[in-house]
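Asker: One structure, as structure tokens, below. Some questions next.
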Amino acid sequence: MKVLLVEDDHKISSFVKKGLQEAGFVVDDTADGEQALQFAEEITYDVAIIDIMLPKLSGLNLIDHLRHRGIDMPILILSAKHTVDDRIKGLQRGADDYMVKPFIFAELLARVQALVRRTSKPMEAKRVVCGDLVVDLLERKVSRGGMRIDLQPKEYALLEYLVRNRGRTLSKTMIMEQIWDLHFDPQTNVVDVLVCRLRNKIDKNFPEKLIQTMRGIGYAINTTDS
């Protein structure tokens, strides 16, 4: 899941970004409305978190531009403006939810997850089945052979990326940019380490190995019976 975070308070932005990343989200962050609009026109996001008081283009004007361009991703306003009129205005301009600062991160995360669930397309699969592996995309739960498998956020993010692209080989560059939102450094082995950790949880105790290494290319998930 990919989040656009638009917040000009560096301390708040860093705190929210870190928390969302730990929960398994990929986050693009910016401090001004104009750059946020550019991001949203070039990249598809699952949800946006937008402050109202922003440089260059205010949060409300940013929402106006997004909706005018037909960008219908769910939007949560996160603002210090706390009156009822402020909240009504934000929702009327096109936001889907409004949260006032200061805030508790656990509630912010729950609201973001709720927005993603509510706006999931009706035809989008709620779960993916690969043989005896079941990945619940909404509840973010994984089981194999009927047994629950607990994954760390990045392990789950990698598995979700693989199953959403089953039948396709994903390069290390693609995985790096999706999971860490970084440009690939050929000298690092973080992708291999993460794949190894995931294999130990979903393949080690099962005769059929689902994660395949395509030498010199990347990784793919076995689609037999999926």
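The values are calculated or read from the model by the stated rules, or taken from the named source; none is laboratory data. No experiment lies behind these values; they were computed from the predicted model shown. A quick note on method: Cβ atoms are made from the backbone with ideal geometry, for glycine too, and the neighbour counts reach across all protein chains shown. Surface areas here come from the heavy atoms of the whole protein model, side chains and all, with no ligands, DNA or RNA. Shrake-Rupley method; radii C 1.70, N 1.55, O 1.52, S 1.80 Å.
Asker: Fully extended, how many nm does the chain gain between GLN212 and LYS101 (0.36 nm per residue separation, minus their Cα-Cα distance)?
Answerer: On the way: separation 111, 0.36 × 111 = 39.96 nm, distance 4.56 nm.
Once the chain is fully extended between GLN212 and LYS101, it gains 35.4 nm.
Asker: Give the carbon-plus-sulfur fraction of the accessible surface of the chain in %, rounded to a whole number; probe 1.4 Å, heavy atoms of protein chains only. Don't skip to the answer; put the middle values down first.
Answerer: Numbers: 6160 of 12110 Å².
Solvent-exposed carbon and sulfur of the chain make up 51 percent of the total.
Asker: Still on this model: Springs between alpha-carbon atoms under 10 Å, Gaussian network over the chain: tell me which of LYS11, LYS141, LYS209 tops the mean-square fluctuations.
Answerer: Maximum among the listed residues: LYS11.
Asker: Set the bar at 19 Å for Cα to Cα. Now go through LYS18/LYS172; LYS2/LYS126; LYS141/LYS172; LYS2/LYS209; LYS2/LYS89; LYS17/LYS126 and name every pair that lies beyond it. Kindly include the intermediate steps, with their values, before the conclusion.
Answerer: Details: LYS18/LYS172 23 Å; LYS2/LYS126 17 Å; LYS141/LYS172 24 Å; LYS2/LYS209 29 Å; LYS2/LYS89 26 Å; LYS17/LYS126 26 Å.
From LYS18/LYS172; LYS2/LYS126; LYS141/LYS172; LYS2/LYS209; LYS2/LYS89; LYS17/LYS126, over 19 Å: LYS18/LYS172; LYS141/LYS172; LYS2/LYS209; LYS2/LYS89; LYS17/LYS126.
Asker: Here is a further query. As I understand it, the dipole of segment 8-65 uses +1 on the Cβ of Lys and Arg and -1 on the Cβ of Asp and Glu, about the Cα centre. Which of GLY19, ILE52, GLY33 lies farthest toward its positive end?
Answerer: Checking the options against the dipole of segment 8-65, the answer is GLY19.
Asker: Also, I was wondering about something else. With springs only between Cα atoms under 10 Å apart, run a GNM on the chain and tell me which of ARG168, ARG118, ARG67 wobbles the most.
Answerer: ARG118
Asker: Can you give the accessible area per residue of the chain, in Å², using a 1.4 Å probe?
Answerer: Values: 12110 Å² over 226 residues.
That works out to 54 Å² per residue.
Asker: If you take the square roots of the eigenvalues of the alpha-carbon gyration tensor of the chain and sort them as a ≥ b ≥ c, do you get rounded (a/c under 1.5), prolate (a/b over b/c) or oblate?
Answerer: On the way: a/c = 2.28, a/b = 1.93, b/c = 1.18.
The shape class here is prolate.
Asker: Can you work out the Karplus-derived ³J(HN,Hα) for every residue in segment 2-17? Use 6.51 cos²θ - 1.76 cosθ + 1.60 with θ = phi - 60°, whole Hz, and x for glycine or proline.
Answerer: Running phi through 6.51 cos²θ - 1.76 cosθ + 1.60 with θ = phi - 60° gives 10, 10, 9, 10, 10, 8, 8, 8, 4, 5, 5, 4, 5, 5, 5, 4 Hz.
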